[in-house]
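Encoded as structure tokens, the structure appears first; notes follow it.
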Amino acid sequence: MKRISLTQHLIEQQRLHNKIPSELRLLIEVVGRACKSISHAVGKGALGEVLGSAGSENVQGEVQKKLDVISNEILLEANEWGGHLAAMASEEMETIHRIPNRYPKGEYLLMFDPLDGSSNIDVNVSIGTIFSVLKAPEGMTEPTEQDFMQPGTRQVAAGYAVYGPQTVLVLTTGDGVHCFTLDREMGAWVLTQKDIKIPEDTKEFAINASNQRHWFPPVKRYVDEMLAGSTGVRGKDFNMRWIASMVADVHRILNRGGIFMYPADAREPNKPGKLRLMYEANPMAFIVEQAGGAATDGTRRILDIQPEKLHQRVAVFLGSKNEVDLVTSYHQQ
Ligand code: AHG
Ligand code: MN
Ligand code: MN
Ligand code: MN
């Protein structure tokens, strides 16, 4: 098998479509390098003293795990000095992180969920990193949170890493979705899947069913119909999977179809869902759409939502197109 590295893949795409400016390529490679370091830390587990709680809380009131904090630090340090960024934002930081004055500034904005699936860290289940890249608005001098308030359609790149039995990096720059596997001996990202496509139909769904009693009627109806199986209106049996790491659930769906749901529910009125628009829903929606799938919040295309806050939450339905269309249509009735 001819091995194509992440660098070679990006340079060839740049030549072919002239779509990936060198600065963006550098940015993606730096994020890829940071994910290698995070993968390394994750792999050490108890031996590296990276498990357990950091004893602090993030701005969303979640207890931070040591690896949430370590991964955030790794991504900040790796991306600060390269000259390709104007600012960064993260799940684990209350407000944006500007590039310090001692370094040159670039024209991109980077957002990340440094460690996705925190509840799985200490039990050795797949976790990951999610990232999204925007261009800074024209004429911006000192970046502010407002500069990040761009809809997902404006993303120029998005991706995620999964730290599982293998470490993989899944990436889109708006030209299909490609997967790279980390060659641990060589320390290199090697292209292992090109132009991934999500099957339009599926018999698999992912939702945290413990919240069932709080669901709104459209979600209840949709899940009930799937649970009714081959003798119900859907006329087929469905299987359920829930890893509780969005990266791992989305990676499964990318590879064999399925629908992932984290709906809004009746627990806290007017609080939409759990997942965050800027560094979870938007990058995943970009990837899923590039792979031929769909992503909505029940009524709107996720990528069209105009963000209002950095840590804004949103309901998420994404994956196989026909299923996402169906559950979205139930919300419109
Ligand atoms: P994070 O660990 O970055 O805070 O994100 C956790 C998210 C997501 O990865 C997952 O799909 C979901 O939370 C799981 O939620 P439940 O614990 O409610 O199942
Ligand atoms: Mn968290
Ligand atoms: Mn997350
Ligand atoms: Mn996280």
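The values are calculated or read from the model by the stated rules, or taken from the named source; none is laboratory data. From a predicted model like this one, the values you see are computed outputs, not experimental measurements. Ideal geometry is used to build each Cβ from the backbone, glycine not excepted, and the neighbour counts take in all protein chains shown.
Being surrounded by fewer than 21 Cβ atoms within 10 Å (Cβ to Cβ) and under 19 Å from residue 129 (Cα atoms) is the filter here, so list the residues in segment 292-312 that pass it.
311, 312
Hey, any hits in segment 223-233 for a residue that's part of a helix (DSSP H, G or I), farther than 22 Å from residue 23 by Cβ and in contact (Cβ under 8 Å) with a residue 12 or more places away in the chain?
Our first condition is that a residue be part of a helix (DSSP H, G or I); within segment 223-233, this holds for 223-227, 229-231.
Those left that are additionally farther than 22 Å from residue 23 by Cβ: 223-227, 229-231.
Filter again for in contact (Cβ under 8 Å) with a residue 12 or more places away in the chain, leaving 223, 226.
Yes, segment 223-233 contains a residue that is part of a helix (DSSP H, G or I), farther than 22 Å from residue 23 by Cβ and in contact (Cβ under 8 Å) with a residue 12 or more places away in the chain.
On the basis of being more than 16 Å from ligand 3 (Cβ to nearest atom), of a type in the set (Asp, Glu) and more than 20 Å from the chain's Cα centre (by Cα), does residue 57 make the cut?
Answer is no for this residue.
Does residue 307 satisfy being away from ligand 2 (no atom under 16 Å from the Cβ) and either touching a residue at least 12 places away in the same chain (Cβ under 8 Å) or closer than 24 Å to residue 203 by Cα (or both)? Break it down stepwise before answering.
Numbers: away from ligand 2 (no atom under 16 Å from the Cβ): yes; either touching a residue at least 12 places away in the same chain (Cβ under 8 Å) or closer than 24 Å to residue 203 by Cα (or both): yes.
Against the criterion (away from ligand 2 (no atom under 16 Å from the Cβ) and either touching a residue at least 12 places away in the same chain (Cβ under 8 Å) or closer than 24 Å to residue 203 by Cα (or both)), residue 307 qualifies.
Under 6 Å between Cβ atoms, which residue pairs at least 6 apart in sequence (or on different chains) link something in segment 104-122 that is within 7 Å of ligand 4 (Cβ to nearest atom) with a partner that is of a type in the set (Lys, Arg) and assigned to a strand (DSSP E or B)?
118/65
Does segment 179-232 hold any residues that are surrounded by 15 or more Cβ atoms within 10 Å (Cβ to Cβ), of a type in the set (S, T, N, Q) and within 19 Å of residue 318 (Cβ to Cβ), and which are they?
Passing the criteria: 202, 211.
Regarding residue 54, is this residue out of contact with any Asp or Glu (no Cβ under 6 Å at 6 or more places or on another chain), small (Gly, Ala, Ser) and in contact (Cβ under 8 Å) with a residue 60 or more places away in the chain? Show your work before the answer.
Numbers: out of contact with any Asp or Glu (no Cβ under 6 Å at 6 or more places or on another chain): yes; small (Gly, Ala, Ser): yes; in contact (Cβ under 8 Å) with a residue 60 or more places away in the chain: no.
For residue 54, the condition - out of contact with any Asp or Glu (no Cβ under 6 Å at 6 or more places or on another chain), small (Gly, Ala, Ser) and in contact (Cβ under 8 Å) with a residue 60 or more places away in the chain - is not met.
Mind checking which pairs have a first residue in segment 163-187 that is outside the structural domain of residue 251 (by the TED database) and a second that is assigned to a strand (DSSP E or B) and exposed (fewer than 15 other Cβ atoms within 10 Å of the Cβ), Cβ under 8 Å, 6 or more apart or different chains?
178/193; 179/193
Output the residue which, of all residues in segment 49-68 that are away from ligand 4 (no atom under 12 Å from the Cβ) and among the acidic types (Asp, Glu), is farthest from residue 35 (Cα to Cα).
If we take residues in segment 49-68 being away from ligand 4 (no atom under 12 Å from the Cβ) and among the acidic types (Asp, Glu), then 57 is farthest from residue 35 (Cα to Cα).
State all residues of segment 1-43 that are within 15 Å of residue 183 (Cβ to Cβ), surrounded by 21 or more Cβ atoms within 10 Å (Cβ to Cβ) and among the small types (Gly, Ala, Ser); if no residue qualifies, say none. Break it down stepwise before answering.
Within segment 1-43, the first condition is being within 15 Å of residue 183 (Cβ to Cβ), and the residues that meet it are 1-9, 32-33, 35-36, 39-40, 43.
Checking which are surrounded by 21 or more Cβ atoms within 10 Å (Cβ to Cβ) leaves us with 6, 32, 35, 39.
Correct list: 32, 39.
Output the residue which, of all residues in segment 246-301 that are among the small types (Gly, Ala, Ser) and within 16 Å of ligand 4 (Cβ to nearest atom), is nearest to residue 91 (Cα to Cα).
Going through segment 246-301, the residues among the small types (Gly, Ala, Ser) turn out to be 248, 257-258, 264, 266, 273, 281, 285, 291-295, 298.
From what's left, within 16 Å of ligand 4 (Cβ to nearest atom): 248, 273, 281.
Details: 248: 18, 273: 16, 281: 12 Å.
So the residue we want is 281.
Please verify whether segment 134-150 includes one or more residues that are more than 23 Å from residue 105 (Cβ to Cβ) and modelled with pLDDT of 95 or more.
First, the residues of segment 134-150 that are more than 23 Å from residue 105 (Cβ to Cβ): none.
So far as segment 134-150 goes, no, none of its residues is more than 23 Å from residue 105 (Cβ to Cβ) and modelled with pLDDT of 95 or more.
Anything in segment 123-145 that is surrounded by 16 or more Cβ atoms within 10 Å (Cβ to Cβ), small (Gly, Ala, Ser) and away from ligand 4 (no atom under 16 Å from the Cβ)? List them, or say none. Break it down stepwise before answering.
Step one: of segment 123-145, the residues surrounded by 16 or more Cβ atoms within 10 Å (Cβ to Cβ) are 126-137, 140, 143.
Right, trim to small (Gly, Ala, Ser) and you get 126, 128, 132, 136.
Matches in segment 123-145: 136 only.
What tally of residues in segment 87-103 results from selecting those that are within 21 Å of the chain's Cα centre (by Cα), away from ligand 4 (no atom under 16 Å from the Cβ) and either among the hydrophobic types (A, V, I, L, M, F, W, C) or in the same structural domain as residue 311 (by the TED database) (or both)?
2
Which of the following residues is surrounded by fewer than 24 Cβ atoms within 10 Å (Cβ to Cβ) and at positive phi: 258, 319, 273?
Values: 258 fails: surrounded by fewer than 24 Cβ atoms within 10 Å (Cβ to Cβ); 319 fails: surrounded by fewer than 24 Cβ atoms within 10 Å (Cβ to Cβ).
Matching residue, one of 258, 319, 273: 273.
Say whether the condition of being within 15 Å of ligand 1 (Cβ to nearest atom) and more than 16 Å from the chain's Cα centre (by Cα) is met by at least one residue in segment 146-159. Spell out the reasoning first.
Within segment 146-159, the subset within 15 Å of ligand 1 (Cβ to nearest atom) is none.
No, there is no match, as no residue in segment 146-159 is within 15 Å of ligand 1 (Cβ to nearest atom) and more than 16 Å from the chain's Cα centre (by Cα).
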